[in-house]
Amino acid sequence: MKFSLKRFISSVLAVSFTVGTAGLLCSCRRGFGADAEGKVKVVATIFPMYDFAQKIGGDKVAVKMLIPAGTEPHEWEPSTNDMLMLEEADLFVYNGAGMEPWAEDVLGSVKNKDLVALEASKDVTLLKTAEVHDMEDVHDHEEEHDEEEHEHHHHGEYDPHVWLSPKNAEAEMEAIAEALIAIDEANADIYRKNLEDAKKQCEDLDSAFREALKPYEGGHIVVAHEAYGYLCREYGLKQIGIEGVSADQEPDAARMREIIDKVNEYGIKCIFFEELVDPKVAQTIADEAGCKTQALSPLDGLSKEDIDSGRDYFSVMQDNLKALVAAFE
């Protein structure tokens, strides 16, 4: 798939730029409008990158989110129009760590030589998927799978959900600020000021998580998929994932039985589901174990309604904290 995607993208762009005019291209893409004139044009892959770029850039940037709102990002791939949007961008912000497996092909095919590509997680100490899996106590069933299935289940070498630790979110925003300053040095002071404001919010959020979850250190949470490794590492929790690091594979009956047994063993009261993933498996486990269910957001894809209503990284993380505390009470 990797090489066929690259050939497809290259051929489409070659045709577009040979026979199309700028006006024609504008008519067939979801690109930047007139309100982006004079601003740094940023394309961000997923909601956290989009939100972080907006927080750091303020009114000096025009930010477009590549993966549509409400879309589960793990299996998404770019369209022709998405590629054309990158041709007029100044900065491409992607999370990295395996979240966007198509990014390498995209960057290799873009003809925009002035485009700056930023892997926002470049300064984060990454968790390997094996470490994420070690944060739970269910191992036997996974060992029955062969190596190829194991790699698919874990969707790469690293857990890409780095932003679920506020400290990592701060590091990603610092990387975005550095990139914007390099592109638009005239507004460097604005970017630095916005970064300082965002860092203060990250520090406050970290303190809130640390204080609220300290009584539950060593406790277990059951989550839709193993997206919460960085959060658990930071605050002393252990996750039991219904699915692996990628939310693209349903558990079989044996795995579900193991999870139910662990729910009973640890006295777990709540099964977490995600709003963009069908909650039927989480609900089945909850019904069997006599638990309640509650949404816990990995933040990689908010709904359009949530974004339009002004929900952002900090408000969603505050909701996550309330849900986590309630699960232990």
Report summary line: Screening ALA212, ALA282, ALA208, ALA286 for residues that are more than 18 Å from ASN320 (Cα to Cα), over 19 Å from the mean Cα position of the chain (by Cα) and of a type in the set (Gly, Ala, Ser) leaves only ALA286
Report summary line: Of the conditions (1) among the small types (Gly, Ala, Ser); (2) in contact with a strand residue (DSSP E or B) (Cβ under 7 Å, 6 or more places away or on another chain); (3) without any contact (Cβ under 8 Å) to a residue 40 or more places away in the chain, the single one that ALA323 does not satisfy is (3)
Report summary line: Reported set for region 286-302 where residues are closer than 29 Å to GLU75 by Cα and of a type in the set (A, V, I, L, M, F, W, C) is ALA286, ALA295, LEU296, LEU299, LEU302
Query - Residue match in region 21-35 (condition: in a loop (DSSP other than H, G, I, E, B), at pLDDT below 50 and among the hydroxyl-bearing types (Ser, Thr, Tyr)) - result: yes
Query raised in the report: So which residues in region 299-312 are at pLDDT 95 or above and either in contact with a His (Cβ under 9 Å, 6 or more places away or on another chain) or farther than 17 Å from GLY70 by Cβ (or both), if there are any at all?
Result: LEU299
Requested in this report: From (1) part of a helix (DSSP H, G or I); (2) touching a Ser or Thr at 6+ places or on another chain (Cβ under 9 Å); (3) more than 20 Å from ALA169 (Cα to Cα), pick out the condition that doesn't hold for ILE259.
Outcome: (2)
Report summary line: For GLU217, the lone unmet condition from (1) touching an Asp or Glu at 6+ places or on another chain (Cβ under 9 Å); (2) of a type in the set (D, E, K, R); (3) loosely packed, with under 15 Cβ neighbours inside 10 Å is (1)
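Determine which member of the set ALA212, ALA169, ALA182, ALA177 is surrounded by fewer than 14 Cβ atoms within 10 Å (Cβ to Cβ), of a type in the set (A, V, I, L, M) and in a helix (DSSP H, G or I).
Details: ALA212 fails: surrounded by fewer than 14 Cβ atoms within 10 Å (Cβ to Cβ); ALA169 fails: surrounded by fewer than 14 Cβ atoms within 10 Å (Cβ to Cβ); ALA177 fails: surrounded by fewer than 14 Cβ atoms within 10 Å (Cβ to Cβ).
Exactly one residue qualifies, and that residue is ALA182.
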Requested in this report: Please enumerate the residues belonging to region 98-118 that are crowded, with 20+ Cβ neighbours inside 10 Å and at pLDDT 95 or above.
Outcome: LEU118
Query raised in the report: List, please: which pairs have Cβ atoms under 8 Å, are six or more places apart or on different chains, and start with a residue in region 179-196 that is outside the structural domain of ASP59 (by TED's automatic domain parsing) and modelled with pLDDT of 95 or more and end with one that is buried (at least 18 other Cβ atoms within 10 Å of the Cβ) and outside any helix (DSSP H, G or I)?
Result: none
Report task. For GLY236, indicate whether it is modelled with pLDDT of 95 or more, assigned by TED's automatic domain parsing to the domain that holds ALA286 and surrounded by fewer than 17 Cβ atoms within 10 Å (Cβ to Cβ). Result -> yes
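The values are calculated or read from the model by the stated rules, or taken from the named source; none is laboratory data. This structure is a prediction, so every number in the text was calculated from the model and none was measured. Quick reminder, even Gly has a Cβ in these numbers, built from the backbone with ideal geometry, and neighbours come from all protein chains shown.
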